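The values are calculated or read from the model by the stated rules, or taken from the named source; none is laboratory data. Every value quoted in this text rests on a predicted model; they were computed, and no experiment measured them. Cβ placement follows ideal geometry from the backbone for every residue including glycine, while neighbour counts extend to all protein chains displayed. The protein model used for the area step is the full one, side chains on, heavy atoms only, and it has no ligands, DNA or RNA in it. Shrake-Rupley method; radii C 1.70, N 1.55, O 1.52, S 1.80 Å.
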Amino acid sequence: MRARYGVPLGITAVAAAGLLYSAGFEARSFRLRRVTVPVLPSGARPLRVLQVSDIHMVSGQRKKQRWLRSLAGLRPDFVINTGDNLSDPEGVPEVLDALGPLMAFPGAYVFGSNDYYGPRLRNPARYLVEKAKGHHGLNGNAPVVGAIHNPWEDLRDGFDAAGWLNLTNTRGTLKIEGLEIELTGLDDPHIKRDRYARVTGGPSASADFSMGVVHAPYLRSLDAFTADGYPLILAGHTHGGQLCIPFYGALVTNCDLDADRVKGLSRHTAEGQTSYLHVSAGCGTNRYTPVRFACPPEATLLTLVGRE
């Protein structure tokens, strides 16, 4: 009996232990990523930008809410929210409560598909199939039928009331200690709501610094921002791969970005121009797949410094 059942039972035990770790510990092991990016004019004082992304709030996630509130202690110069705040139609009040201390700082936001639509149960293997086919979200796949509509208007109204800039296919400006920071945003490319033609033209000559903001880092959006001369682009959406292989990395990005740039700081080149790209691994998961492995949840504090 040992020879016949020992190995299957051992594999089952290892799988159960991995699931317990990824759902019970790592998915709630919140981290802060710190990066320095040389994109400001030479001699400018450093700016501290806090990026939060992919919160995917589900009612009752108290530890996540406490951690998000604690980020206000970093005292950033401004905050960028790169979308997918919800994974529960009832989660808007808890998102606004958790982000309340951060909304005391200047900020801006874009939405992701999960702000507009509720999550659906799906086989995780479909992400590998979509990667192989080059189809992601509504980009090449059939339209979604019977989608749950989230109360995203309430989320928008809460952010707007706090003074955060809505960057949905538009531009906005923040004044930070005498510096004019121009922010150019897109709606979510994952569900084909991006309209770059509305913001084309590149950074304004009057701005001291300009950056692009988008939820899902699809190449068409990154190419457009980079070709237009934006020195920095912030995005989320990928969850850092969510389920990664130790010492190897992510298998999927859930968009057409390559897996080598699934999270953290990298470079992007288009039409002879080069931009810095920062992709946040986010701090949440879809409510139906509440697991992370070798990819802890995170927010990022970016310190922008002068170019050499």
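Report the residue count in the stretch 285-296 for those that are among the small types (G, A, S) and either assigned to a strand (DSSP E or B) or under 30 Å from F209 (Cα atoms) (or both).
Pass one, the stretch 285-296, residues among the small types (G, A, S): 294.
Subsequent filtering for residues that are either assigned to a strand (DSSP E or B) or under 30 Å from F209 (Cα atoms) (or both) retains none.
Residues in the stretch 285-296 being among the small types (G, A, S) and either assigned to a strand (DSSP E or B) or under 30 Å from F209 (Cα atoms) (or both): 0 in total.
Sort out which residues of the stretch 250-271 are touching a residue at least 40 places away in the same chain (Cβ under 8 Å) and over 19 Å from D54 (Cα atoms), and write them in order of number.
Once the filter is applied, which keeps residues that are touching a residue at least 40 places away in the same chain (Cβ under 8 Å) and over 19 Å from D54 (Cα atoms), the stretch 250-271 yields H268, T269, A270, E271.
In the stretch 79-191, which helices (runs of 4 or more DSSP H) lie fully inside it and hold 1 or more residues that are within 26 Å of L219 (Cβ to Cβ), hydrophobic (A, V, I, L, M, F, W, C) and open to solvent by 20 Å² or more (accessible area, probe 1.4 Å)?
Values: elements: 92-99, 113-116, 125-133, 152-161.
Result: 125-133, 152-161.
For the stretch 43-63, enumerate the residues that are modelled with pLDDT of 95 or more and among the hydrophobic types (A, V, I, L, M, F, W, C).
L47, V49, L50, V52, I55, M57, V58
Please go through the stretch 258-276 and pick out each residue that is closer than 14 Å to L219 by Cβ and surrounded by 23 or more Cβ atoms within 10 Å (Cβ to Cβ).
Correct list: V262, S275.
Would you tally the residues in the stretch 218-244 being in a loop (DSSP other than H, G, I, E, B) and either open to solvent by 10 Å² or more (accessible area, probe 1.4 Å) or out of contact with any Cys (no Cβ under 6 Å at 6 or more places or on another chain) (or both)?
Within the stretch 218-244, the first condition is being in a loop (DSSP other than H, G, I, E, B), and the residues that meet it are 218, 228-231, 236-238, 242, 244.
Add one more test, that the residue is either open to solvent by 10 Å² or more (accessible area, probe 1.4 Å) or out of contact with any Cys (no Cβ under 6 Å at 6 or more places or on another chain) (or both), and what stays is 228-231, 236-238, 242, 244.
Residues meeting the conditions: 9.
It is to be established whether one or more residues within the stretch 32-42 are part of a loop (DSSP other than H, G, I, E, B), at pLDDT 95 or above, touching a Leu at 6+ places or on another chain (Cβ under 7 Å) and surrounded by fewer than 23 Cβ atoms within 10 Å (Cβ to Cβ).
Let us first name the residues in the stretch 32-42 that are part of a loop (DSSP other than H, G, I, E, B), namely 41-42.
Of the ones still in play, those that are also at pLDDT 95 or above are none.
Checking the stretch 32-42: not a single residue is part of a loop (DSSP other than H, G, I, E, B), at pLDDT 95 or above, touching a Leu at 6+ places or on another chain (Cβ under 7 Å) and surrounded by fewer than 23 Cβ atoms within 10 Å (Cβ to Cβ).
Within the group L138, L179, L186, L174, which residue is in contact with a strand residue (DSSP E or B) (Cβ under 8 Å, 6 or more places away or on another chain), under 24 Å from G91 (Cβ atoms) and of a type outside the set (K, R)?
Being in contact with a strand residue (DSSP E or B) (Cβ under 8 Å, 6 or more places away or on another chain), under 24 Å from G91 (Cβ atoms) and of a type outside the set (K, R) holds for just one of L138, L179, L186, L174, which is L186.
Considering only the stretch 186-211, how many residues are within 23 Å of G282 (Cβ to Cβ), in contact with an Asp or Glu (Cβ under 8 Å, 6 or more places away or on another chain) and not basic (K, R)?
Adding up the residues that qualify gives 5.
Taking H278 as the residue in question, decide whether it is within 25 Å of K175 (Cα to Cα) and either in a strand (DSSP E or B) or β-branched (V, I, T) (or both).
Criteria met by H278.
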